[in-house]
Structure formats: structure tokens, C-alpha cells
Amino acid sequence: MSLKRFASVTGLLEEEAPCCWLCLEEGPDASDKPLCRDCSCRGTSGFVHLSCAVKYAENMSRDDADEEYEYPSAFFRTCPNCKQDYQGDVAYALAKARVDFVEREYKNNHEMCLDAMRENLHALDFKDEQRRSE
């Protein structure tokens, strides 16, 4: 049996379709937003729905806040798989989501609100800097 025929019969050598590493679903999320990846993950392992990444970051940040960590922001900034900071549009979207989360859940913690806003401005500035260099 040829290698090509073996692959078509068994499916073992076919390329895997990317799926969200959190919900394990392929394709767009419930609001029709596509999978995204803007970290250092390779292959299909780094794809995530932005909505899933936000829920994950919110849940993990709540857990950290319950443990009395001062600024539970790493989950909005860093990919938990490759441990690298998110880049580009994903970094900006997660920074914005963090501001929304902190304003909703920790509105009386002014230091946390300011830290989230500062990080959001940094992501926005970096995004504009990338556009200027193109």
C-alpha cells in the first residue's frame, strides 16, 4: 500500500485542523469569531478562541485574587502553554478584556484598575507602533 493511500485510509498522516486548546472546538466560536494565535506556540497547539482565552484569564485571575496575589494580570498577558507574552491584536484584545474585568469585579481596587489601564495603553501603543512600521 502506498504512503498516500495509507494516509487517506487511516488519516494518520493528514494535517490536523487547528482547534482551541481550551474548548477543543475547531472553527469559529459561538459569536462567529475565528481561532487566533499570537504567541510563540507552534503547530496547532497555540490556537484559541479569544472568548475562551478571556474566560480562562478571568477565572484564573479570580483564583489568584482569592489567594491575595496583588495583581493577577499574567493570565491576560502571557500564554500559559509557551509562557510568552501575547502579541499584536490578541495582546490588545486581552488587555482591553482585563480592563473590563477589573472594572466589573474590582472597581474599588484603584491600584488594580490603574494597572489594567496602564497595560491596556501599553498594548495599544505597541499596536500603533507596529502599524507605523508597516
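The residue pairs whose first member lies in the range 98-119 and is at negative phi, whose second member is polar (S, T, N, Q) and in a loop (DSSP other than H, G, I, E, B), and whose beta carbons are closer than 9 Å, counting only pairs six or more residues apart or on different chains, are Arg98/Ser73; Val102/Ser73; Val102/Asn109; Met112/Ser73; Asp115/Ser73; Ala116/Ser73; Glu119/Ser73. Scanning the range 66-111 for residues that are closer than 17 Å to Trp21 by Cβ and either at pLDDT below 85 or among the hydroxyl-bearing types (Ser, Thr, Tyr) (or both), we see that the one that is surrounded by the most Cβ atoms within 10 Å (Cβ to Cβ) is Tyr86.
Looking at this structure, is Arg62 over 26 Å from Tyr106 (Cβ atoms) and either out of contact with any Asp or Glu (no Cβ under 7 Å at 6 or more places or on another chain) or not in a loop (DSSP other than H, G, I, E, B) (or both)? It would help to see each step written out before you state the result.
Details: over 26 Å from Tyr106 (Cβ atoms): no; either out of contact with any Asp or Glu (no Cβ under 7 Å at 6 or more places or on another chain) or not in a loop (DSSP other than H, G, I, E, B) (or both): yes.
For Arg62, the condition - over 26 Å from Tyr106 (Cβ atoms) and either out of contact with any Asp or Glu (no Cβ under 7 Å at 6 or more places or on another chain) or not in a loop (DSSP other than H, G, I, E, B) (or both) - is not met.
Take the conditions (1) among the aliphatic types (A, V, I, L, M); (2) surrounded by 13 or more Cβ atoms within 10 Å (Cβ to Cβ); (3) at pLDDT below 95; Val9 misses just one of them, which is (2).
The values are calculated or read from the model by the stated rules, or taken from the named source; none is laboratory data. Since we're looking at a predicted model, the values are computed, not measured. Backbone-built Cβ (ideal geometry, glycine too); neighbour counts: all protein chains shown.
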